[in-house]
1. So, in region A:397-411, exactly how many residues are in a loop (DSSP other than H, G, I, E, B) and hydrophobic (A, V, I, L, M, F, W, C)?
2. Within region A:115-136, does at least one residue satisfy the condition of being charged (D, E, K, R) and either in contact with a Leu (Cβ under 6 Å, 6 or more places away or on another chain) or within 14 Å of chain B (Cβ to nearest Cβ) (or both)?
3. Cβ-Cβ below 9 Å, separation at least six or inter-chain, first residue in region B:282-300 and over 18 Å from B:L256 (Cβ atoms) and assigned by the TED database to the domain that holds B:G324, second assigned to a helix (DSSP H, G or I) and among the charged types (D, E, K, R): which pairs?
4. Take the conditions among the charged types (D, E, K, R) and open to solvent by less than 50 Å² (accessible area, probe 1.4 Å) and apply them to B:E105. Does it pass?
5. How many residues are open to solvent by 10 Å² or more (accessible area, probe 1.4 Å) and in contact (Cβ under 8 Å) with a residue 40 or more places away in the chain if we restrict to region B:247-260?
6. Which residue out of B:N400, B:N374, B:N390, B:N366 is touching a Leu at 6+ places or on another chain (Cβ under 7 Å) and either of a type outside the set (V, I, T) or modelled with pLDDT of 95 or more (or both)?
7. Go through (1) touching a helix residue (DSSP H, G or I) at 6+ places or on another chain (Cβ under 7 Å); (2) of a type outside the set (K, R); (3) within 14 Å of chain A (Cβ to nearest Cβ); (4) within 25 Å of B:A234 (Cα to Cα) one by one and return the number of the condition B:M171 breaks.
8. With respect to B:L71, determine if the residue is closer than 20 Å to B:I235 by Cα, open to solvent by less than 20 Å² (accessible area, probe 1.4 Å) and touching a residue at least 24 places away in the same chain (Cβ under 8 Å).
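The values are calculated or read from the model by the stated rules, or taken from the named source; none is laboratory data. It should be emphasised that the depicted structure is a prediction, and the values quoted were computed from it without experimental measurement. Note that each Cβ is placed from the backbone with ideal geometry, even for glycine, and that neighbours are counted across all protein chains shown. To get the accessible areas, we keep the full protein, side chains included, count just its heavy atoms, and leave off ligands, DNA and RNA. Shrake-Rupley method; radii C 1.70, N 1.55, O 1.52, S 1.80 Å.
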Number of protein chains: 2
Amino acid sequence: MVDIATRVYNHKWKIDPIVRSLIDTDFYKLLMCQSVFRNKRDTNVTFSLINRSKDVRLADLVDEGELREQLDHIRSLSLSRGESTFLRGNTFYGKRQMFRPDFMEWFENVSLPAYHLEKRDGQYELTFEGKWPEVMLWEIPALAVLMELRSRAVLKDMGRFELQVLYARAMTRLWEKVEKLQGVDDLRLADFGTRRRHSFMWQDRCVQAMQEGLGDKFVGTSNCLIAMRREVEAIGTNAHELPMVYSALAESDEALRQAPYDVLADWHEEHEGNLRIILPDTYGTDGFLAGAPDWLAGWTGIRIDSGDPAEGAERAIRWWKSRGEDPTQKLVIFSDGLDVDKIIELQAKFRGRVRVSFGWGTLLTNDFRGLVPNDGLAPFSLVCKAVSANGRPTVKLSDNPRKAMGPAEEIARYKRVFGVGDQKDIAVVV
Amino acid sequence: MVDIATRVYNHKWKIDPIVRSLIDTDFYKLLMCQSVFRNKRDTNVTFSLINRSKDVRLADLVDEGELREQLDHIRSLSLSRGESTFLRGNTFYGKRQMFRPDFMEWFENVSLPAYHLEKRDGQYELTFEGKWPEVMLWEIPALAVLMELRSRAVLKDMGRFELQVLYARAMTRLWEKVEKLQGVDDLRLADFGTRRRHSFMWQDRCVQAMQEGLGDKFVGTSNCLIAMRREVEAIGTNAHELPMVYSALAESDEALRQAPYDVLADWHEEHEGNLRIILPDTYGTDGFLAGAPDWLAGWTGIRIDSGDPAEGAERAIRWWKSRGEDPTQKLVIFSDGLDVDKIIELQAKFRGRVRVSFGWGTLLTNDFRGLVPNDGLAPFSLVCKAVSANGRPTVKLSDNPRKAMGPAEEIARYKRVFGVGDQKDIAVVV
């Protein structure tokens with residue numbers, strides 16, 4: 001018998017909010033936010049949402065009113081008491097009080113700044129301006145909202161049984177992936193799929209499937225809210241926005257050349273152990289590693305987020321050896337465009353040579369490829385990036401020219417400063 | 001674990017439709033509709049919604065856009081195949097093929113005509129104009145929509161547990177009523193609560209409670225859709241709109257005096273047995289019975305829908321005796337403002353003297369009195385009536401002057417023609 005009170009309650013929501021918590025975000029955002037809050041809190045930044053998949057015409061698919069409602073709802077959020085208690089009291093990476101009291105006090109009182117939204121050429125231009133520690137909090141929820149509104153736009157014309165079958169198929173596919181991974185020895189795998197998930201509920205379901213199916217091989221999720229709810233580890237360290245903004249702020253070519261190391265020097269002061277993970281590809285991995293100070297070689301690991309992943313790992317191993325470090329004690333985290341077969345291949349290739357870990361993103365939490373006509377639920381490449389800092393444009397090169405970002409003349413300057421030559425073109429899947 | 005497909009399905013409805021079927025209406029509407037379709041199908045009528053409870057400011061409570069969406073949804077409805085099969089094939093009042101093929105063919109293709117909606121003085125002015133067989137179908141869904149939108153307006157600010165407790169209390173109250181009625185011998189009770197129900201789901205729940213709690217004492221429901229779903233009898237015969245429209249069409253005082261009998265003459269041709277129920281109060285019961293032809297005394301029963309119910313029943317018994325009929329073989333149906341104590345009192349008073357039956361309406365399906373602050377869910381007196389026919393105003397007098405309707409000069413004329421004197425004032429509860 002239908003529970004009338006529950007049904008009435010469910011039906012009186014004006015909207016079905018996608019992001020319902022400020023910690024429904026990637027854990028590393030909070031770590032970076034604390035670092036920015038300490039070191040660069042007065043920096044003015046602009047973040048901008050960019051859809052690299054032009055064929056997915058978001059502004060035609062997603063109603064502007066609904067998008068605004070979802071974004072307005074996010075602006076109405078503030079940290080709940082339980083969330084605050086969790087952040088203040090939980091152990092992250094083996095450490096209590098990872099978040100300092102001054103940061104927590106600020107975070108408890110923060111709400112997200114205004115957004116600017118326009119339609120152009122079938123796409124949304126969505127930008128956020130303001131102080132860096134506030135604006136940066138928009139990235140993940142903005143992406144998650146657009147991704148899920150796109151899912152809903154496709155789901156809205158489907159019947160009840162079509163939906164049942166759709167989710168049955170997606171769940172079957174997910175479980176078959178989990179089963180394939182069960183046989184992989186020494187696997188260490190985390191969910192990195194918040195930003196391009198099919199939906200919040202689906203990401204949560206993916207985490208539960210990995211908990212049940214992979215046991216200790218599943219080491220945690222980047223999603224802070226899901227980590228709290230499902231009592232798994234919150235995973236993540238730092239991202240490109242740090243070197244991008246530090247670099248944009250650099251006053252000279254010399255300062256620019258130094259900026260990516262300055263970021264990690266600040267990080268070095270704050271964090272130790274498994275949080276000391278180098279993300280070397282912002283302006284080309286080769287140049288970065290060649291110019292790196294020795295204390296960086298002492299860090300725990302490297303995250304490989306662009307370029308050919310096996311090449312990236314080989315490069316890291318060579319670099320550690322050249323600095324007298326033992327690669328078998330080092331951690332390589334793969335986090336770019338992973339799916340099961342690639343995970344299995346990389347694990348087989350590097351197991352025993354380095355410690356290996358995987359941050360599995362879009363093809364974990366949004367593999368609805370081929371499940372609806374015209375592949376309308378296939379994941380697509382949406383990003384939200386810092387595009388300027390204190391009025392200067394940011395630049396990203398990465399190890400894949402298709403992921404490059406910034407004004408052409410600045411890209412040229414960065415390539416010169418960082419000594420980046422030809423790069424290998426790799427299709428950006430997600 | 002939440003069923004994602006079901007949740008997605010439920011959340012993608014643009015509205016939560018209140019009336020989802022053309023047979024979510026009172027059974028007697030369909031009987032009358034068939035009669036009108038046969039005898040007066042080209043009559044132009046106007047029906048108008050009237051809120052007698054002026055303190056319930058519907059236009060302040062209920063959003064006009066939501067109201068229009070609900071009414072538009074009703075206009076999009078047509079008879080489903082299963083509903084048609086049910087109407088064509090089910091036994092009603094012991095008779096197969098109650099609905100004739102020509103009527104069914106028309107009904108299968110009908111959709112409800114346009115409505116006219118305005119706000120005035122905190123109330124909605126909602127009118128329907130067109131051919132009688134189509135316009136008359138608006139009455140019950142229009143009332144049900146306004147009633148349920150008012151419920152929703154009050155429920156929308158309540159929390160999840162408040163709602164649980166609200167429905168727990170209402171269900172407890174309903175069940176205590178059922179338990180009180182379990183001890184009443186020879187009880188025959190039907191649900192007449194469609195038009196002023198709290199909500200569709202609640203009416204459906206009330207029917208289930210009576211099925212479980214009252215067994216054979218529960219004889220059926222006026223709601224055709226619920227009768228079909230719950231496999232109980234569909235109950236109802238005819239209503240005031242027939243004599244009101246027939247009377248408005250009368251060309252002379254003499255024809256007017258005859259009109260209420262003409263209605264029943266047409267009905268006599270179509271129906272027999274328990275469908276031959278006199279509704280005598282439209283222009284005063286005393287005059288109606290005094291002037292009634294003898295063949296009407298041979299009808300099965302009388303429905304008492306206004307005035308003091310015990311007086312009305314005594315009057316009917318006297319009348320039958322005066323016409324040489326045996327009242328113990330006759331049926332009295334009480335249907336005005338009933339609740340448990342009144343039902344028990346009337347049953348005790350008339351059991352054995354006549355056959356007694358009860359049509360329990362608003363205080364069955366909408367007894368939320370005292371359950372929320374300011375009694376915001378208390379039932380109120382909303383009606384939807386024929387106000388003109390072929391351009392002439394209709395009139396209703398009833399046995400309670402507070403229920404009188406029509407232009408003052410026409411009311412005076414009708415009182416003169418039907419010889420209606422002083423009437424006793426009775427508060428209109430619902």
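1. Going through region A:397-411, the residues in a loop (DSSP other than H, G, I, E, B) turn out to be A:397-400, A:404, A:406-407.
Subset that is hydrophobic (A, V, I, L, M, F, W, C): A:397, A:404.
Residues meeting the conditions: 2.
2. Pass one, region A:115-136, residues charged (D, E, K, R): A:118-121, A:125, A:129, A:131, A:134.
Right, trim to either in contact with a Leu (Cβ under 6 Å, 6 or more places away or on another chain) or within 14 Å of chain B (Cβ to nearest Cβ) (or both) and you get none.
Taking every residue of region A:115-136 in turn, none turns out to be charged (D, E, K, R) and either in contact with a Leu (Cβ under 6 Å, 6 or more places away or on another chain) or within 14 Å of chain B (Cβ to nearest Cβ) (or both).
3. none
4. On the way: among the charged types (D, E, K, R): yes; open to solvent by less than 50 Å² (accessible area, probe 1.4 Å): no.
No; evaluated as a whole, the condition is false for this residue.
5. 3
6. Details: B:N400 fails: touching a Leu at 6+ places or on another chain (Cβ under 7 Å); B:N374 fails: touching a Leu at 6+ places or on another chain (Cβ under 7 Å); B:N366 fails: touching a Leu at 6+ places or on another chain (Cβ under 7 Å).
On inspection, the qualifying residue turns out to be B:N390.
7. The single condition B:M171 does not satisfy is (1).
8. Numbers: closer than 20 Å to B:I235 by Cα: no; open to solvent by less than 20 Å² (accessible area, probe 1.4 Å): yes; touching a residue at least 24 places away in the same chain (Cβ under 8 Å): yes.
Judged against the criteria, B:L71 is not a match.
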